[in-house]
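Undergrad: My questions will all concern the structure given below.
Every number in this text was worked out from the coordinates using simple rules, so none of it is lab data. Worth saying up front: this structure is predicted, and the values here are computed from it rather than measured. Every residue, glycine among them, receives a Cβ derived from its backbone with ideal geometry; neighbour counts consider all protein chains shown.
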Amino acid sequence: MTHNYKACIEDSNKHLPDLKGALLNRLLINVVTDEFNVVYLETDKGVFALHGKMGGEYLGVHPLPEMPVPTEQEGVMICPYPPFNGFLGQRISQVRQIGSAWNGHGYELSFKDVLNKTMIVQSIHSGDKPDDLEDCLRLGVGHYENRWKKR
């Protein structure tokens, strides 16, 4: 069975523009047996979940009625993600779709007063991946320089 990935991704991204201009108040992640599965963003425009669709082939943005409760049970955790703490209290200035289905589909979020870093939420399907991971997320912080510094 083939999928119309273009239409699926377009539908899963329909709430992506809702994040632009939002103030990020809180961020939690869902971890299942040590794999990142969902990123929850609590903003002044609402709560959103960023997570994989169709087994992680591409990602989607989905509004939620409320932020999940932090929890830790056997094999499942909802908790803060310290590498993203620098984005808390910042306003999202731009959200970009990156990659494509089966090729690192995800999002890169830029923040108004954070000029040299971005938040990256991406499918594990992005070139090389560990053999034991199939449908989880890759989380990262992009570090950027704008001027040459002789070292």
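Undergrad: Student exercise: in the chain, how many lysine pairs 8 or more apart or on different chains have Cα atoms under 17 Å apart?
TA: 8
Undergrad: Please work out whether the range 45-100 counts as rounded, prolate or oblate from its C-alpha gyration tensor, where a ≥ b ≥ c are the square roots of the eigenvalues and a/c under 1.5 means rounded, while otherwise a/b larger than b/c means prolate and anything else oblate?
TA: oblate
Undergrad: For Rg/Rh (Cα atoms, Kirkwood Rh), several values are listed as [x] 1.45; [y] 0.97; [z] 1.04; flag the one computed from this structure.
TA: Only one option fits the structure, namely [y].
Undergrad: How much length is gained on full extension from ASP18 to CYS79, taking 0.36 nm per residue of separation minus their Cα-Cα distance?
TA: 19.6 nm
Undergrad: Also: Quick check: pseudo-label points 7 Å beyond the Cα along Cα→Cβ at ASN25 and ARG138, how many nm apart are they?
TA: So the two model labels end up 3.3 nm from each other.
Undergrad: With unit charges on the beta carbons (Lys and Arg positive, Asp and Glu negative) and the dipole taken about the Cα centre of the chain, which residue among ALA49, LEU24, SER123 sits farthest to the positive side?
TA: LEU24
Undergrad: Still on this structure, please answer the following. Per-residue ellipticity at 222 nm for the chain, helices alone: DSSP H runs ≥ 4 residues times -39500 (n - 2.57), over residue total, nearest 500 deg cm²/dmol?
TA: -1500 deg cm²/dmol
Undergrad: Grab the other residues whose beta carbon is less than 11 angstrom from that of VAL76, score K and R as +1, D and E as -1, and report the net.
TA: In short, -4.
Undergrad: In addition: Can you compute the FRET efficiency between GLU10 and GLU66 using 1/(1 + (r/R0)^6), with r the Cβ-Cβ distance and R0 = 25 Å? Round to the nearest 0.05.
TA: Efficiency computed from Cβ-Cβ geometry: 0.40.
Undergrad: Let me check against my output: what whole-number percent is the relative contact order of the chain, with C-alpha pairs under 8 Å and at least 6 apart?
TA: Value for the chain: 22 percent.
Undergrad: If Lys and Arg each add +1 and Asp and Glu each add -1, what is the summed charge of the other residues whose beta carbon sits under 14 Å from the beta carbon of VAL95?
TA: Charge balance in the 14 Å sphere: +4.
Undergrad: Taking the Cβ of PHE111 as the centre, find all other residues whose Cβ is under 12 Å away and add up their charges (Lys, Arg: +1; Asp, Glu: -1).
TA: Here the count lands on +2.
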